[in-house]
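In what follows, a structure is listed as structure tokens, so that the remarks can point back to it.
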Amino acid sequence: MNIDWAALGSVFGVSLVVTVALVGLFTLGIVGLSKQPEPVAQGGSSGGSVVLARTGAYVCFALCAAAVAYGIYLIVA
């Protein structure tokens, strides 16, 4: 039995980078959803930044779902 160590290291490296990227995207999505509007009496705005944060969070979650779907596609195909 002969193990191709270069290929094994390449798979490990790509898996590590993709895992860290997915966790980072998911974390950004959670942070975006956790942003709450400040009351106007405390100096808050009309809520435009909250809408932007929520939209960014949904984009992050969509990218995570797309990456997972692509991974499943690669396994099945």
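The values are calculated or read from the model by the stated rules, or taken from the named source; none is laboratory data. Remember, predicted model here, so these are calculated numbers, not experimental data. Areas reflect the complete protein model, heavy atoms only, side chains present, ligands, DNA and RNA absent. Shrake-Rupley method; radii C 1.70, N 1.55, O 1.52, S 1.80 Å.
What's the carbon and sulfur percent of the chain's accessible surface, probe 1.4 angstrom, rounded to a whole number? Before the final figure, lay out each step's value.
Working: 4490 of 6040 Å².
Taking all protein chains in place, the chain shows 74 percent carbon and sulfur surface.
From the backbone phi of the range 63-75, what are the Karplus-calculated ³J(HN,Hα) couplings (6.51 cos²θ - 1.76 cosθ + 1.60, θ = phi - 60°) in whole Hz, Gly and Pro given as x?
Whole-Hz 3J(HN,Hα) from phi for the range 63-75: 5, 4, 5, 5, 5, 5, 4, 5, x, 5, 4, 5, 6.
Please compute the Cα-Cα pair-distance distribution of the chain with 5 Å bins starting at 0, giving whole percents from short to long.
3, 14, 15, 15, 13, 10, 9, 6, 5, 4, 3, 1, 1, 0, 0
Taking the 0 to 90 degree range and rounding to the nearest ten, how far is the long axis of helix 5-34 tilted relative to the main principal axis of the chain, both from C-alpha atoms?
Once rounded, the angle reads 10 degrees.
Full-extension gain between Tyr70 and Val18, please, as 0.36 nm times their residue separation minus the C-alpha to C-alpha distance. Provide the component values of the computation, followed by the final result.
Values: separation 52, 0.36 × 52 = 18.72 nm, distance 1.20 nm.
Additional length available on full extension: 17.5 nm.
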